[in-house]
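**Student:** Mind having a look at this structure? Questions to follow.
The values are calculated or read from the model by the stated rules, or taken from the named source; none is laboratory data. Please read these numbers as outputs of a predicted model, since none were measured by experiment. Cβ placement follows ideal geometry from the backbone for every residue including glycine, while neighbour counts extend to all protein chains displayed. When the accessible area is computed, the model is the full protein with side chains, heavy atoms only, and any ligands, DNA or RNA have been set aside. Shrake-Rupley method; radii C 1.70, N 1.55, O 1.52, S 1.80 Å.
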Amino acid sequence: MAMRYKDLVLVYEHVRSTTKRLEKTAEIASLLRETPAEDMVKIMLLLKGELYPQWDRRELGVAARQVLKALSLSYGIPIQRIEKDWSRIGDLGSVAEKLSARKTQATLFSRSLTIEDVFSTLRKLAQMEGKGTVDRKTALLGRLLTSATPIEAKYIIRTVLEELRVGIGEGTLRDAIAWAFFPRIKGINDQGEGKGQVQLTSLEELQRHLDDRDMLLVFKEETMAREAYKQLVSKVQRALNIMTDPSLVAELAATKGWRCLDKVTFRIMRPLKVMLAQKVKDEEEGLKRVGRPCIVEYKYDGFRMQIHRDREDIRLFTRRLEEVTAQFPEVIEAVRTHTPAEQFILDAEAVGMDPKTQTYLPFQHVSQRIKRKYRIEELALRLPVEVNVFDILTYQGKSLIERPFKERRKLIERLVDGEQGKIRLSASKVVSTPEEARTFYEKSLEAGNEGIMFKNLDAPYSPGSRVGSMVKLKPVMDTLDLVIIGAEWGEGKRATWLTSFSVACRDEEGNLLGIGKVGTGIKELESEGATFQQMTDLLRPSIIEQKGREVIVKPKVVVELSFEEIQKSTSYSSGYALRFPRLRNLREDRSVEDIADLATVEDLYFSQK
Ligand code: AMP
């Protein structure tokens, strides 16, 4: 039977009302168990308030003004009155709930909305293009609202505005998949009804019972139970890292079971999550962390690029998993001429180059290329990038991620026939002492790079993880990647600009926590770096609330801030504040999932002392 939207809404409400992760997980897991296969992908996306997986660039593109119109249309109330409610209540979802409640008394719903109804209507909204789009979108949304109960209306509007405010992070979704589609384990996740239990005396027996979804596994020792649970979760995590899309992983787990989950492997032309590095404070620590001898490499100040090649088909992806093939014609050309026409996935850093002097430019110069849609060729000539290849993940259809790094490095040395300014191997050297690393570090900085990376010779490639087998060392004052959550209109001659920006980090669950405001580092006039005009243009379409000069925006724009110091503070929800923050870069290559988490902020705070 088709699933009703109401069932999902109830889960939203429960999850929202608790801060306990276990309760959230149990709630979502039981929803997933009841979800029919054909609704699984939709439910998984909607749980996060999304319509498309992360790597898909399509967006809903409905602004708060359109929602106001749709509400007015659907509930027959003048826009001005709704605006008043909005500024009093603050959130358009709650406004919709209230308006709908008033009207509901008069209407009886003929049938409940299904997941399919809501999902397909919202996707239609996202796909509308061309003349009259705004009006057609408003009408379509208005019709959907007419069939929604008050509480459904609230979540429809929040989904439309991409502001679900439920707080379901990737970690919870991962655990919920494990809970839903693997047997439960006594003492860990034994909630709910089952069909019986089995006793296990060793971990080796786990494998035999993985298909018994309704069973409760009882281990004789608690440590064993914990270890077993860890293994189940890591099976899901592994699949997530490779497929990157939780909705597909859930669908696979639900329909095909864990054996298929275990076999998940790369598919060429589908981007996977990249491996990230931890940070060290000096060469000594770098060597200690990755072991000696190790490989050190230049740390280029550009952006991550994943290159997929299947003979003549070449595609490029950013670390947000967005496709940027069209944006970088010169890279396609370079890959075509300087690597063999075979099948592989390379990991690389694309760095801006001054075409005249052939020297590197800082990231901020080329950041505009990532989103550019028009006159791409012209910009490619003015601000070309050089690709520095540092890893390979698959070759001729075979995964290499389990192979030791030194083997992967050897392979790229064979595959990439480098040419300066186009594509080349990352500069690298095998070192054993801090002195050797130091010399290499100085050389790297002199060449205009950010620092160096230390890499363990035997380490596998772990997609999606911040690992200790690859660490980074850079000299600059600390910086944090944060997301803008609010802003303030300027005064006087700056009145048409947003001039002060509230920024947030995230907790483990992906909830956003305020950490400060920044107004410096942004320029009045076009030169390099971000201008107030540019910031305003970027943020204006994302405004979801406005009170006086202050606005709240959808958390989309990621910025890199530098600062003097981190202080404890009661002014922001993170419990910390930045002293003398300054905007260094707009990080268009990063998404809200990439921003600093609270643990990183805390580490920085304690390392200052
Ligand atoms: P950070 O952005 O400070 O966390 O540093 C990690 C990033 O450095 C990676 O995500 C890459 O985009 C970039 N990077 C630059 N050069 C290299 C390299 N040789 N090896 C690995 N990552 C690199």
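**Student:** What is the one condition in (1) more than 16 Å from the ligand (Cβ to nearest atom); (2) open to solvent by 50 Å² or more (accessible area, probe 1.4 Å); (3) under 20 Å from Leu583 (Cα atoms); (4) not hydrophobic (A, V, I, L, M, F, W, C) that Thr499 does not satisfy?
**Tutor:** Failing condition for Thr499: (2).
**Student:** Now, a different point. Of all residues in region 264-284, which are of a type in the set (Lys, Arg) and either in contact with a Gly (Cβ under 9 Å, 6 or more places away or on another chain) or more than 14 Å from Ile401 (Cα to Cα) (or both)?
**Tutor:** Residues of region 264-284 that are of a type in the set (Lys, Arg), as a first pass: 267, 270, 273, 279, 281.
Across region 264-284, the qualifying residues are Arg270, Lys273, Lys279, Lys281.
**Student:** Are any residues in region 99-111 at pLDDT 90 or above and surrounded by fewer than 17 Cβ atoms within 10 Å (Cβ to Cβ), and if so, which ones? Reasoning before the result, please.
**Tutor:** Kept after step one, since they are at pLDDT 90 or above, are these residues of region 99-111: 99-101.
Correct list: Ala101 only.
**Student:** Separate question: I'd like to verify a number: residues in region 502-525 that are among the basic types (Lys, Arg) and either within 17 Å of Arg549 (Cα to Cα) or open to solvent by less than 30 Å² (accessible area, probe 1.4 Å) (or both), how many? Full working, then the answer.
**Tutor:** The first filter runs over region 502-525 and keeps only residues among the basic types (Lys, Arg), leaving 506, 517, 523.
So of that shortlist, the ones also either within 17 Å of Arg549 (Cα to Cα) or open to solvent by less than 30 Å² (accessible area, probe 1.4 Å) (or both) come out as 517.
Within region 502-525, residues that are among the basic types (Lys, Arg) and either within 17 Å of Arg549 (Cα to Cα) or open to solvent by less than 30 Å² (accessible area, probe 1.4 Å) (or both) number 1.
**Student:** Scan region 46-62 and tell me whether some residue there is at pLDDT 90 or above and among the aromatic types (Phe, Trp, Tyr). So that I can check it myself, show each step before the final result.
**Tutor:** The initial filter retains those residues of region 46-62 that are at pLDDT 90 or above, namely 46-52.
Keeping just the survivors that are among the aromatic types (Phe, Trp, Tyr) gives 52.
Looking for residues that are at pLDDT 90 or above and among the aromatic types (Phe, Trp, Tyr), one finds at least one in region 46-62, hence yes.
Residues are listed down the side, and each one gets a yes or a no for (1) assigned to a loop (DSSP other than H, G, I, E, B); (2) on the phi > 0 side of the Ramachandran plot; (3) within 11 Å of the ligand (Cβ to nearest atom):
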{"position": "Leu393", "(1), (2), (3)": "no, no, no"}
{"position": "Arg403", "(1), (2), (3)": "yes, no, no"}
{"position": "Ile412", "(1), (2), (3)": "no, no, no"}
{"position": "Glu436", "(1), (2), (3)": "no, no, no"}
{"position": "Ser444", "(1), (2), (3)": "no, no, yes"}
{"position": "Gly448", "(1), (2), (3)": "yes, yes, no"}
{"position": "Asp458", "(1), (2), (3)": "yes, no, no"}
{"position": "Pro475", "(1), (2), (3)": "yes, no, no"}
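**Student:** Same structure again: Would you pick out the residues in region 504-556 that are polar (S, T, N, Q), under 17 Å from Gly90 (Cα atoms) and assigned to a loop (DSSP other than H, G, I, E, B)?
**Tutor:** Residues of region 504-556 polar (S, T, N, Q): 511, 520, 527, 531, 533-534, 536, 542, 546.
Filter again for under 17 Å from Gly90 (Cα atoms), leaving 542, 546.
Within region 504-556, none qualify.
**Student:** Right, another one. Identify, by number, the condition in (1) modelled with pLDDT of 95 or more; (2) over 26 Å from the mean Cα position of the chain (by Cα); (3) within 15 Å of the ligand (Cβ to nearest atom) that Tyr300 doesn't meet.
**Tutor:** Result: Tyr300 passes all but (2).
**Student:** OK, next. Which condition from (1) touching a residue at least 60 places away in the same chain (Cβ under 8 Å); (2) more than 24 Å from Arg369 (Cα to Cα); (3) open to solvent by 20 Å² or more (accessible area, probe 1.4 Å) is the one that Ser571 breaks?
**Tutor:** Ser571 satisfies every listed condition except (1).
**Student:** Let me ask something else. Say whether the condition of being open to solvent by less than 20 Å² (accessible area, probe 1.4 Å), closer than 30 Å to Val9 by Cα and not aliphatic (A, V, I, L, M) is met by at least one residue in region 194-203.
**Tutor:** So the first thing to find is which residues in region 194-203 are open to solvent by less than 20 Å² (accessible area, probe 1.4 Å), and the list is 200.
Okay, now just the ones that are also closer than 30 Å to Val9 by Cα, so none.
No, every residue in region 194-203 fails to be open to solvent by less than 20 Å² (accessible area, probe 1.4 Å), closer than 30 Å to Val9 by Cα and not aliphatic (A, V, I, L, M).
**Student:** Need the failing condition index for Ser462 against (1) outside the structural domain of Phe405 (by TED's automatic domain parsing); (2) in a loop (DSSP other than H, G, I, E, B); (3) open to solvent by less than 40 Å² (accessible area, probe 1.4 Å), just the number.
**Tutor:** Failed condition: (1).
**Student:** While we're on this one: Being away from the ligand (no atom under 16 Å from the Cβ) and farther than 15 Å from Pro463 by Cα is the requirement here; does Gly291 meet it? Before you say what the answer is, go through the steps one by one.
**Tutor:** Numbers: away from the ligand (no atom under 16 Å from the Cβ): yes; farther than 15 Å from Pro463 by Cα: yes.
For Gly291, the condition - away from the ligand (no atom under 16 Å from the Cβ) and farther than 15 Å from Pro463 by Cα - is met.
**Student:** Another question, if that's okay. Quick one: how many residues across region 1-17 are of a type outside the set (Lys, Arg) and in contact with an Asp or Glu (Cβ under 8 Å, 6 or more places away or on another chain)? Please lay out each step first, then the result.
**Tutor:** Quick first cut of region 1-17, residues of a type outside the set (Lys, Arg) only: 1-3, 5, 7-15, 17.
Restricting the remaining residues to those that are in contact with an Asp or Glu (Cβ under 8 Å, 6 or more places away or on another chain) gives 2-3, 5, 7, 9, 11, 14-15.
The qualifying residues number 8.
**Student:** Charged (D, E, K, R) and over 25 Å from the mean Cα position of the chain (by Cα): is that true of Arg88 in this structure? Outline the logic, then answer.
**Tutor:** On the way: charged (D, E, K, R): yes; over 25 Å from the mean Cα position of the chain (by Cα): yes.
Spelling it out, Arg88 is indeed charged (D, E, K, R) and over 25 Å from the mean Cα position of the chain (by Cα).
**Student:** Residues being open to solvent by 50 Å² or more (accessible area, probe 1.4 Å) and at pLDDT 90 or above: count how many of those fall in region 204-214.
**Tutor:** Result for region 204-214: 3.
**Student:** If Lys493 meets every condition in (1) over 23 Å from the mean Cα position of the chain (by Cα); (2) in a helix (DSSP H, G or I); (3) at pLDDT 90 or above apart from one, which number is that one?
**Tutor:** (3)
**Student:** Are there any strands (runs of 3 or more DSSP E) wholly within region 297-357 with 3 or more residues that are closer than 23 Å to Ile452 by Cβ and open to solvent by 30 Å² or more (accessible area, probe 1.4 Å), and if so which?
**Tutor:** Working: elements: 303-310, 313-317, 343-353.
Strands (runs of 3 or more DSSP E) meeting the threshold: none at all.
**Student:** Is there any pair linking a residue in region 274-301 that is without any contact (Cβ under 8 Å) to a residue 12 or more places away in the chain and of a type in the set (Gly, Ala, Ser) to one that is more than 13 Å from the ligand (Cβ to nearest atom) and open to solvent by 30 Å² or more (accessible area, probe 1.4 Å), with Cβ under 7 Å and at least six apart or on different chains, and which?
**Tutor:** Within 7 Å, no pair qualifies.
**Student:** Among the residues of region 235-265 satisfying the criterion of being in contact (Cβ under 8 Å) with a residue 40 or more places away in the chain, assigned to a loop (DSSP other than H, G, I, E, B) and farther than 26 Å from Met453 by Cα, which is nearest to the chain's Cα centre (by Cα)?
**Tutor:** Only one residue fits best here, namely Asp245.
**Student:** Further, regarding this structure: So Thr121 passes all but one of these: (1) free of Cβ contacts under 8 Å to residues at least 40 places away in the same chain; (2) closer than 27 Å to Val592 by Cβ; (3) loosely packed, with under 15 Cβ neighbours inside 10 Å. Which condition number does it fail?
**Tutor:** With (1) free of Cβ contacts under 8 Å to residues at least 40 places away in the same chain; (2) closer than 27 Å to Val592 by Cβ; (3) loosely packed, with under 15 Cβ neighbours inside 10 Å applied to Thr121, the lone miss is (3).
**Student:** Name the single residue that is farthest from the chain's Cα centre (by Cα) among those in region 266-281 being assigned to a loop (DSSP other than H, G, I, E, B) and within 16 Å of the ligand (Cβ to nearest atom). Can you show your working first?
**Tutor:** As a first pass, look at region 266-281 and keep what is assigned to a loop (DSSP other than H, G, I, E, B): 266-275, 280-281.
Keeping just the survivors that are within 16 Å of the ligand (Cβ to nearest atom) gives 271-275, 280-281.
On the way: Pro271: 13, Leu272: 12, Lys273: 10, Val274: 11, Met275: 14, Val280: 24, Lys281: 27 Å.
Only one residue tops the list, namely Lys281.
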